[in-house]
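K.L.:
Before we start, here is the structure in question, set down as structure tokens.
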Amino acid sequence: MSTSVEVKIFPTQKKAVKSLAKGIYKFISDSTQKRFDIALSGGSTPKLLLDVLAGKYSDKLPWERIHLWWGDERCVPPDSKESNFKMAAGHLISKIAIPDENIHRIKGENVPEEEAIKYAKQIKAQLNSRGDWPVFDLIILGLGDDGHTASIFPYQMDVFRHDDICTVTQHPITGQKRVTLTGKVLNNANRVFFLVTGKSKSMRIAEIMNDDEAAKLLPAYYIEPENGELTWYIDQDAAALLQ
Ligand code: 6PG
């Protein structure tokens, strides 16, 4: 295993987000790659990140060479306020010059099981692979208060270890169906950037960073790109329980 892990703690969410955006800009501008495949995370934390990318970096990043995917999507129509695509469209895609063909949304309006197969086929057809698994240049992940990441929830380690690129899960409380990338794809990325902010994440961050027994039930604990880098961008509130 040759994962390089870095934990960056910032006084505020804004500083964490700005550093993450700079980290995205740096790896892309340092590279001569013709194409970058990036999977976005959902939820609310990434909104600020997407605003920074759409603002400061709108004319600094080579959007024509960047392909946007999603780590997971709620099984709702693309105009639903629950949709991760809708969030990204409003905060980023509608504000940058990125070709339509570079946007690869998970179609939440489709039958989940069929969409998981279709999305996996698209990923397999378009991304390079390492071993049997596709390689994302970057996967941005968030952390749920319950320790889920993408849409792999606690006690769903079968999903984490799933042999498909994507699968269908259900939110344990709302029952909402989700299409999610699985653990082997997440851990095959060249880099994974976690963005975790706010007090509500502090217990899970402490469990994961301290290797607590409780962490071993959390999918996020097992994110460790085998041939890549893992960087945690955390604000002081989320790091509050770390020694
Ligand atoms: C989703 C996300 C999920 C998210 C966490 C954190 O679809 O909900 O992909 O994994 O990153 O739930 O969400 P917040 O940023 O809203 O706390």
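Here, each number is a calculation from the coordinates, and none is a lab measurement. Because the structure is predicted, anything quoted here is derived from the model rather than measured. Every residue, glycine among them, receives a Cβ derived from its backbone with ideal geometry; neighbour counts consider all protein chains shown.
K.L.:
For the chain, rounded, prolate or oblate, judged on the Cα gyration tensor with a ≥ b ≥ c (square roots of eigenvalues), a/c < 1.5 rounded, else prolate if a/b > b/c?
P.N.:
Rounded.
K.L.:
Sticking with this one: Once the principal axes of the Cα atoms of the range 90-151 are found, what is the range along each, listed largest first in whole angstroms?
P.N.:
Here the spans come out as 35, 33, 28 Å, largest first.
K.L.:
Give me, ordered by chain and number, the residues 5 or more places off TRP70 or on other chains with an amide H under 5 Å from its own placed amide H.
P.N.:
Sorted by chain and number, the residues that satisfy this are LEU40, ILE106.
K.L.:
Could you work out [θ]222 nm for the chain from helices alone, using -39500 (n - 2.57) per DSSP H run of at least four and dividing by all its residues? Round to the nearest 500 deg cm²/dmol. Before the final figure, lay out the partial values.
P.N.:
Values: 7 runs with 66 residues, N = 243.
The helix-only estimate for the chain comes to -8000 deg cm²/dmol at 222 nm.
K.L.:
Given 25 °C and 0.890 mPa s, how large is the Stokes-Einstein diffusion coefficient of the range 7-82 in µm²/s, with Rh as the Kirkwood radius over Cα pairs?
P.N.:
The diffusion coefficient I find is 177 µm²/s.
K.L.:
Further question: How large is the translational diffusion coefficient of the range 196-235 in µm² per second when you combine the Kirkwood radius over alpha carbon pairs with Stokes-Einstein at 25 °C and 0.890 mPa s?
P.N.:
Details: Rh = 10.9 Å.
Using the Kirkwood radius from Cα pairs, D works out to 225 µm²/s.
K.L.:
List the longest stretch of the chain that has no exposed loop site; here a site is one of the trypsin sites (Lys or Arg not before Pro) assigned by DSSP to anything other than H, G, I, E or B, with at most 15 other Cβ within 10 Å.
P.N.:
Working: sites that count: LYS34, ARG35, LYS56, LYS60, LYS81, ARG161.
In the chain, the maximal stretch lacking such sites is 162-243.
K.L.:
Could I ask something else about it? Residue-wise, which Karplus ³J(HN,Hα) couplings in Hz belong to the range 174-183, taking 6.51 cos²θ - 1.76 cosθ + 1.60, θ = phi - 60°, and x for glycine or proline?
P.N.:
3J(HN,Hα) across the range 174-183, in whole Hz: 7, x, 4, 6, 10, 9, 9, 5, 9, x.
K.L.:
Note down the net charge around ASP146, summing +1 for each Lys or Arg and -1 for each Asp or Glu among other residues with Cβ under 13 Å from its Cβ. Show your work: numbers first, answer last.
P.N.:
Values: positive: LYS201, ARG204; negative: ASP145, GLU207.
In short, 0.
K.L.:
Could you please rank LEU230, LEU92, placing first whichever residue has the fewest other Cβ atoms within 10 Å of its Cβ?
P.N.:
LEU230, LEU92
K.L.:
Here's a follow-up. Per residue and in Å³, how big is the convex hull formed by the alpha-carbon atoms of the range 141-243?
P.N.:
On the way: hull volume 9.5 nm³, N = 103.
Hull volume normalised by residue count: 92 Å³.
K.L.:
What translational D, rounded to a whole number of µm²/s, comes out for the range 144-183 from Stokes-Einstein when the hydrodynamic radius is the Kirkwood one over Cα pairs, at 25 °C and 0.890 mPa s?
P.N.:
Working: Rh = 10.0 Å.
Answer, rounded: 245 µm²/s.
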